[in-house]
Structures are given as structure tokens and as C-alpha cells.
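The values are calculated or read from the model by the stated rules, or taken from the named source; none is laboratory data. Since the model is a prediction, treat every value here as computed from it, not as a measurement. Note that we place each Cβ from the backbone using ideal geometry, even for glycine, and neighbour counts take in every protein chain shown. Note: areas computed on protein heavy atoms with side chains; ligands, DNA, RNA excluded. Shrake-Rupley method; radii C 1.70, N 1.55, O 1.52, S 1.80 Å.
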Amino acid sequence: MPFFSIVIPLYNKEHFIVQTIQSVLDQTFQDYEILVVNDGSTDASLKSLSVFNDSRIQVFTIKNQGVSHARNFGIKKANAEYVAFLDADDLWLNKHLEQLKKLSEDFPNCGLYANAYVKKMGEITLESDYIDIPNAWNGIVKDYFKSSQFSCVAWTSAVMVPKKILEAFNGFDEKITLGAGEDTDLWMKIAIQHPIAFNNNVTAVYNLHADNRISNANTNLRQFLDLDVYEEAAKSNTSLKKYLDFNRFSIALQYKLVGNKEKMDFYLKHLNKHNLNAKQRFILSCNKSTLVFLMKTQKVLRQFHVNLSPFK
């Protein structure tokens, strides 16, 4: 039995999947299986995999049913006790698995293990910012929801979860569609009930290229996670309530950009505006054209390594 099962959902990533899998093969820790779940790709993604000749790579082709279903399919096929996830256009640095393994040995019985990551936009690197977590630190996160308010401690391509935990929560919610928070939803469920171990050394790269983003044009077609189901738990957890409201703010903003006032109001309904900062309250008051201008300004400033965020 391998130590890790690595689940890679694949849908139309012909230009990235080879580099992604190579980043796995280049790991310092080599005891793993790679489960590529080809989610009905219509480009040359599947053909691209023919460059590899490694018995640890298994490829499954299924009917396109979305990323949650593809990941859940991979979880069912996993033979290892620990499941690591990697999206088909993201990358691992070569000590990613080694450091996750060490984290599991140093802090057993956690619900989720995560390494730090950076976001990349071409040649621009956007550093993550975790509240109350020192640089080069590893340990049990004291307050997951507080630490995740700027950058989320758990990002899918940098986490490892015991298979028994994934099975206990029935994996990713397949009702959440088009990348509308299925990962955030699962990590929240786990963090409410289990300790989270974190290594604040960057071992993963989140690629923010154009092919990896779901456009605002699709917002009305997406089924977002249901944040209201966590309100009961939030009554005794102020950090969770603030985290929920930050997510409501983000989703409401997306609906505002496509002119869907009804859906925007739905997400603002349970939002306590006292949990938002002045910048976020100002953004909610802006009209669509002002929002578009602010987003364009943010992109320009990132070219100069200035990363303005409404979350801080």
C-alpha cells in the first residue's frame, strides 16, 4: 500500500497536465500512487499523458460530471491511508510530499494537513498571508477560521486528508457546481470538528492563468456552497461567523458584477456588516462600473507587485 494516493481531476488542461504530473514525479518522497481522473476532456489532455511510463500512474476516464464528482471518484479508488489533491494546472515543489508526511508524523490524528502555497500570475508571485501563524512555523492551527481570513490555510492543491475523514464527510458536495466552493465547504466541515495541522513553508504553486479561471459570465449558472448551514456552529465561534461573512461578501460581489440583485441580497441577508472592514463596505456600495474599474486597477497594480485585497 502506498503512503499517499494523489488525486488529480483532469478536464481540458492539455497545456498544463504534463508539467503538473512531472512536479509529482520530481518529489523527494516517492511512495505514492497517482490517480488521474479524466472528467470527459474534449481536448488533447488524455493524449498528453502518453509521455509518461510509470506504473504508479493510473488514468480513469469518466463522463463529465464536474470536479467534485471527479475528486470523489478518485477518493473511492485510493488505496492509501492519506489522500493528497492536486489540480491539473497547479504545481508542487519537490519537498511537498516529504513535508506533508513529516507533518502527519509530528501531529497525528488531525482531520487535515496543509502546506503553505503561493499564487502565480505569469511571472508575478502573490504571497499568502495567514493570521497569527509565524513564518516557517508548523503545528496545530489554534484558530483555523481566524487564520484563514486573508489566505485560506487549506488550499486544495496543498492539502492531505486521511481517507477515513473524507469518507466520514462523504467527500466533496457534488451539488456545488462550477468550482463554487466545494473545497471551502469540505475544509470548513473538517475544521469545525477536527484539529488542522499546518506547515508554513511554501511547497505548492497556485497558477492563476486565464485557462484556470471561471469567468463572471458563468456566475448565474453556478451553485454556490450553502453558508447558512454553518450558522448554528457560528453562534459559539466568532471567527467562523466572520469567515462565513467574508465568503458571503465574496459571493455577493460576484452576483453584483453580473447584475443579479436577488442572489446578491440572498447572500447579504445573514451577513453582519460589522464583520466587514471599511474597504469591503465601500466596495459593496459601489456600482458595477466602479467595481470593474477597481478590479482592473488591482490587476495593473499586481504587475508592480502591489497586491491590494478587500480582505485586509
Problem - Number of the exception - residue 100 against (1) over 21 Å from the mean Cα position of the chain (by Cα); (2) in a helix (DSSP H, G or I) - result: (1)
Fill in the blank from the handout: Those residues of the range 31-40 which are open to solvent by 10 Å² or more (accessible area, probe 1.4 Å) and either in contact (Cβ under 8 Å) with a residue 40 or more places away in the chain or in contact with a Pro (Cβ under 8 Å, 6 or more places away or on another chain) (or both) amount to 31, 33
Problem - When residues of the range 47-75 are limited to those that are out of contact with any Asp or Glu (no Cβ under 9 Å at 6 or more places or on another chain), surrounded by 13 or more Cβ atoms within 10 Å (Cβ to Cβ) and within 21 Å of residue 2 (Cα to Cα), the one modelled with the lowest pLDDT - result: 52
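Okay, residues lined up against (1) touching a residue at least 40 places away in the same chain (Cβ under 8 Å); (2) more than 27 Å from residue 122 (Cα to Cα); (3) assigned to a strand (DSSP E or B):
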| site | (1), (2), (3) |
| --- | --- |
| 1 | yes, yes, no |
| 7 | yes, no, yes |
| 22 | no, no, no |
| 42 | no, no, no |
| 49 | no, no, no |
| 58 | no, yes, yes |
| 61 | no, yes, yes |
| 74 | yes, yes, no |
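Scanning the range 186-210 for residues that are in a strand (DSSP E or B) and at pLDDT below 95, which turns out surrounded by the fewest Cβ atoms within 10 Å (Cβ to Cβ)?
207
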Problem - Any chance residue 145 is touching a Leu at 6+ places or on another chain (Cβ under 7 Å) and of a type in the set (A, V, I, L, M, F, W, C) - result: yes
Handout entry: Elements of type strands (runs of 3 or more DSSP E) in the range 119-185, at least 3 residues being open to solvent by less than 10 Å² (accessible area, probe 1.4 Å) and not acidic (Asp, Glu)
Key = 159-162
Exercise for the section: Mind listing whichever residues of the range 1-25 are under 23 Å from residue 162 (Cα atoms) and either open to solvent by 10 Å² or more (accessible area, probe 1.4 Å) or not aliphatic (A, V, I, L, M) (or both)? Expected result: 1, 2, 3, 4, 5, 9, 20, 23, 25
Handout entry: Selection within the range 103-118 - in contact with a Ser or Thr (Cβ under 9 Å, 6 or more places away or on another chain) and either assigned to a strand (DSSP E or B) or modelled with pLDDT under 95 (or both)
Key = 113, 115, 116, 117, 118
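Could you tell me whether residue 292 is over 30 Å from residue 171 (Cβ atoms) and open to solvent by 50 Å² or more (accessible area, probe 1.4 Å)?
Answer is yes for this residue.
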Practice task
Mind listing just one residue for me: the one in the range 137-152 that is among the hydroxyl-bearing types (Ser, Thr, Tyr) and at pLDDT 95 or above and, of those, nearest to the chain's Cα centre (by Cα)?
Solution key: 148
